[in-house]
1. Would you list which aspartates and glutamates come within 16 Å of Lys230, measuring only between C-alpha atoms, while excluding same-chain residues fewer than 8 positions from it?
2. Run a plain Debye calculation on the range 194-275 (Cα atoms as equal point scatterers, no solvent) and give log10 I(q)/I(0) at q = 0.14 Å⁻¹, rounded to two decimals, same order as the q list.
3. Where nothing but the Cβ of Lys and Arg (+1) and of Asp and Glu (-1) is charged, how large is the charge dipole of the range 176-241 around its Cα centre, in debye to the nearest 20?
4. Given the DSSP H assignment, sum -39500 (n - 2.57) over each helix run of at least 4 residues in the chain and divide by its residue total; what's the result at 222 nm in deg cm²/dmol, nearest 500?
5. Quick one: what are the phi-derived ³J(HN,Hα) couplings along the range 94-102, Karplus 6.51/-1.76/1.60 with θ = phi - 60°, whole Hz, x for glycine and proline?
6. Given the pairs Lys3/Lys103; Lys93/Lys175; Lys20/Lys93; Lys102/Lys310, which span a C-alpha to C-alpha distance of over 25 angstrom in this model?
7. Please work out the ratio of the alpha-carbon Rg of the range 188-240 to 2.2 N^0.38 Å and round it to two decimals.
8. For the range 12-326, give me the percentage of DSSP beta bridges that are antiparallel, rounded to the nearest 5 percent.
Amino acid sequence: MLKPIDPARVPQRLLNTGDKMPGIGMGTFGSDRFSHDDVAAAVEGAARLGYRLFDCASCYGNEDLIGQSFKRIMDSGIKREELFIQSKVWNDKHKEVIESCKKSLKDLQLDYLDLYFVHWPFPNYHAPGCDGDARNPDSKPYSHEEFMETWYQMEKLVEMGLVRNIGTSNVTIPKMKDFLPDCKIKPAANEMELHPSFQQPELFNYCLEQGIQPIGFCPIGSPTRPDRDKDPNDVVDIQMPELVEIAKAHNVHPAVICLKWAVQRGQTPIPFSIYENEYESNLRCTVEDPLTDEEMKIMASLDRNCRFIKGQVFLWEGAKGWEDLWDIDGTITK
Ligand SMILES: NC(=O)c1ccc[n+]([C@@H]2O[C@H](COP(=O)([O-])OP(=O)(O)OC[C@H]3O[C@@H](n4cnc5c(N)ncnc54)[C@H](OP(=O)(O)O)[C@@H]3O)[C@@H](O)[C@H]2O)c1
């Protein structure tokens, strides 16, 4: 049996609301490859090992089973306030945020969430597990008015005491500049794709300047992501030669180096794995044997601007390509 890691030793982040969150958590998107039962079992095993942050979402389709795991975790003596649980409103519920949050709370068997995200900044919906070429004719570009309508419901959740912190996900600097001035409650965190070959330095630094904690998804380069999100030109982070060299020097799997780098850089990675040996090393690596300054510099040089989660299924009629979702030229693409 693997030795638990004291959660008090895990680095913490201070949010702009004064709340603290763990500097690493566990992802719960089982991709198209892992069963909901396996993900829920991993959540329970991870809590036993010392994980306290769990990244959930209604669209992952497994919150009811994860809720049963949370119940068992708390029955075992871990208190609710020791956990940091986040979830997200899916694109088809932007007009029913409060109902959607209540459903997540019921499924997760919780009275409140520590952090609740708007999963994508537009209401474009696609069926779970759909093909990469699928398009919804109702899809439309980002709209300030629609986003604010959704955000005001997020703020209401805080007033209602159902949510402690609110956040954004999959947004860009132009979109943030568009909505931040109108927020009564600023996002406490922004969940964004972050891994060695996709470091998003501008957005990462912008979030820090705004006091918004970056949460990094696909932190290992998501080797098990759905096929619809794979492109033959994609970099395989855990095979980058410099990264493999650093892993050899520390005698660990390259995945672990991605996470050490992420935590030391200041983002909060949320790696996924259902395998105990993997998620154990993913947590343990944050409390021992840090990367040197020289290694951190090498890691910084590995950015290849290689985005995996392009979001092409959310494109609207008339959009040119997935780049339109990411405001590449510095203005919001309409
Ligand atoms: N906000 C959003 O829109 C958004 C989008 C995507 C993801 N997310 C969140 O981010 C989480 C993580 O992203 P992800 O699952 O796509 O990618 P990831 O964490 O980068 O990659 C997960 C895969 O990495 C491998 N792995 C994990 N630990 C390892 C270790 N110690 N050694 C070797 N291999 C290891 C596992 O593959 P093997 O099973 O092959 O070992 C695992 O399936 C998701 O679960 C979800 O919660 C959010």
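1. Counting by Cα, and skipping residues close in sequence, Lys230 has these aspartates and glutamates nearby: Asp32, Asp131, Asp133, Glu193, Glu323.
2. Per q value, in the given order, log10 I(q)/I(0) is -0.50.
3. Working: 6 positive and 11 negative charges, 42 e Å.
For the range 176-241, the charge dipole is close to 200 debye.
4. On the way: 10 runs with 110 residues, N = 334.
One gets -10000 deg cm²/dmol as the mean residue ellipticity at 222 nm.
5. Residue by residue, the range 94-102 yields 5, 9, 10, 5, 5, 4, 5, 5, 4 Hz.
6. Working: Lys3/Lys103 35 Å; Lys93/Lys175 20 Å; Lys20/Lys93 28 Å; Lys102/Lys310 29 Å.
Too far apart for the 25 Å limit: Lys3/Lys103; Lys20/Lys93; Lys102/Lys310.
7. On the way: Rg = 12.5 Å, N = 53, 2.2 N^0.38 = 9.9 Å.
Its radius of gyration relative to the 2.2 N^0.38 Å reference: 1.26.
8. Values: 4 of 27 bridges.
Antiparallel: roughly 15 percent of the beta bridges in the range 12-326.
Every number here is computed from the coordinates shown, using simple stated rules; none is lab data. Bear in mind that the values here come from a model prediction, so they are computed numbers and not experimental data. We place every Cβ from the backbone using ideal geometry, glycine too, and count neighbours over all the protein chains shown.
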